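Chemist: After the structure tokens below, expect a handful of questions from me.
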């Protein structure tokens, strides 16, 4: 109940961004279960480049975008690092911010493959940062991805 009250106390722009983020997390999550990643990146890439340019007066803060996606991901089942990274990348593109999807892999001590996704923008990690992120070997960009 407390979260609902907090939600309605937010400015309407933040409420809209949270709902939009939750919707996109669900859609992208579903897409990841239905399509190979390369195909989904192609779909996401074509959609994000259809958005029109936003004037600076209407531009949403990059920090607010990350806040909304991270907050909404707590309430959307199976919102993985990859799902969050793809949604942040999409919303950044819509607002005209540079965003580069990074996917890294590493072999764990138990001999299992671990993967992690994050987004970098203007030389900094905006979502998906980990204390030990340097242990991941960065994969080359996939062909479907458009930066």
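The values are calculated or read from the model by the stated rules, or taken from the named source; none is laboratory data. Predicted, not measured: the structure shown is a model, and the values here were computed from it. Don't worry about glycine lacking a Cβ; one is built from the backbone with ideal geometry, like all the others, and counts go over all protein chains shown.
Chemist: Report yes if some residue within region 100-109 is out of contact with any helix residue (DSSP H, G or I) (no Cβ under 8 Å at 6 or more places or on another chain) and modelled with pLDDT under 90; otherwise report no.
Modeler: Yes.
Chemist: Right, here's the next one. Could you tell me whether residue 66 is modelled with pLDDT of 95 or more, part of a helix (DSSP H, G or I) and at negative phi?
Modeler: Against the criterion (modelled with pLDDT of 95 or more, part of a helix (DSSP H, G or I) and at negative phi), residue 66 qualifies.
Chemist: I would also like to ask the following. Filter region 121-147 for residues that are over 29 Å from residue 109 (Cβ atoms) and at pLDDT below 90; which is surrounded by the most Cβ atoms within 10 Å (Cβ to Cβ)?
Modeler: 145
Chemist: Kindly indicate the residue of region 69-81 that is more than 14 Å from residue 26 (Cβ to Cβ) and either touching a residue at least 60 places away in the same chain (Cβ under 8 Å) or within 10 Å of the chain's Cα centre (by Cα) (or both) and also surrounded by the fewest Cβ atoms within 10 Å (Cβ to Cβ) among those meeting that condition.
Modeler: Applying the filter and picking the extreme gives 70.
Chemist: Out of everything in region 82-120 that is in a helix (DSSP H, G or I) and touching a strand residue (DSSP E or B) at 6+ places or on another chain (Cβ under 8 Å), what residue ends up being surrounded by the most Cβ atoms within 10 Å (Cβ to Cβ)?
Modeler: This residue is 89.
For (1) at pLDDT 90 or above; (2) under 18 Å from residue 101 (Cβ atoms); (3) under 13 Å from the mean Cα position of the chain (by Cα); (4) in a helix (DSSP H, G or I), each residue gets a yes or a no:
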residue	(1), (2), (3), (4)
19	yes, no, no, yes
24	yes, yes, yes, yes
38	no, yes, no, yes
52	no, no, no, no
56	no, no, no, no
